[in-house]
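First comes the structure, then the notes that go with it.
The values are calculated or read from the model by the stated rules, or taken from the named source; none is laboratory data. What you see is a predicted model, and the numbers here were worked out from it, not measured in a lab. When we count neighbours, we look across all protein chains shown, and the Cβ atoms used for this are built from the backbone with ideal geometry, even at glycine.
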Amino acid sequence: MHLSLTPVLLATELGFLFLLAGRVARRGAMTPVFVYGVWLSLYAVATSIAGARGWYVAESLMPWLPGLWLQLITVAAFLVPVALSAGLRGGLRRIVDVTPWHWFAWFHGLRIAALGTLAKTASGEFPLYFALLVGLPDLAFGLSAWWVAARARRRTLSARTFMTWNLIGALIIVPAAPVLLQLGLPGPLQVFTGLPDARAVFTYPMSIAPMIGVPMFVMVNLWVAWRLWETRAVRPVPA
């Protein structure tokens, strides 16, 4: 197993979400959000263990097109609690309403971790096609986050622009990444046959990224965009 910063990145993502909940908790009860955070943390541990045991690259799994549906398990882990709990939805709305926009931008600035993916590609440990088609755009979005954060701090960013930027952040990954992953996995849809193939993406500790780390970035993009769409009003960036 190679040294990887992927677990550290995941811990930072989860820590950020708990930070937001804790900040808002001082303004009122946020129990559903904290419970949600604990649930996501437990899921992160479970999916990391599954990756460490090689479940996501098992030969028996390859004919079942896992690239197209494995990450849907994570999507369900995120969305089912939100769909079932009005209290959780209210808490998530409140967090977006009172959190400075540049905080969210800084969070997505962590996506410059895609530099590590490009380094692995250069050393022959990661599929080139996936790095070029997904890793590079993700890195560009991570770099753009620092410009967005600067504009947000200067209060020169409209709600429409911020919502659009968040939607772009999600669309960089969905639906392209799952499809491209599948096209690089052994099975009936494999197109990219060079080695290393897309199994490198699902090999621990890299498996943390597609199974929880990257989906968390996407879900935060959609969470913020959803709330801004609900308000549908240009408002000052929270202080």
(request) Report yes if some residue within region 185-196 is in contact with a Phe, Trp or Tyr (Cβ under 7 Å, 6 or more places away or on another chain) and over 30 Å from TRP229 (Cα atoms); otherwise report no. (result) yes
(message) If a residue must be among the aliphatic types (A, V, I, L, M) and touching a Phe, Trp or Tyr at 6+ places or on another chain (Cβ under 8 Å), how many such residues does region 130-172 contain?
(response) 8
(request) Filter region 117-143 down to residues that are charged (D, E, K, R) and within 21 Å of PRO215 (Cα to Cα) and give me whichever is modelled with the highest pLDDT. (result) ASP138
(message) I'd like to check which helices (runs of 4 or more DSSP H) are fully inside region 111-207 and have at least 3 residues that are in contact (Cβ under 8 Å) with a residue 24 or more places away in the chain and farther than 25 Å from ALA44 by Cα.
(response) 136-153, 159-171
(request) Could you check, for region 141-149, whether at least one of its residues is of a type in the set (Phe, Trp, Tyr) and surrounded by fewer than 17 Cβ atoms within 10 Å (Cβ to Cβ)? (result) yes
(request) Just need a number here: residues in region 105-127 that are under 14 Å from GLY194 (Cα atoms) and buried (at least 16 other Cβ atoms within 10 Å of the Cβ). (result) 3
(message) So in region 150-208, with the set limited to residues that are closer than 26 Å to LEU128 by Cα and among the hydroxyl-bearing types (Ser, Thr, Tyr), which one is surrounded by the fewest Cβ atoms within 10 Å (Cβ to Cβ)?
(response) THR193
(request) Tell me which of these ALA52 doesn't satisfy, since it passes every other one: (1) in contact with a Ser or Thr (Cβ under 9 Å, 6 or more places away or on another chain); (2) buried (at least 17 other Cβ atoms within 10 Å of the Cβ). (result) (2)
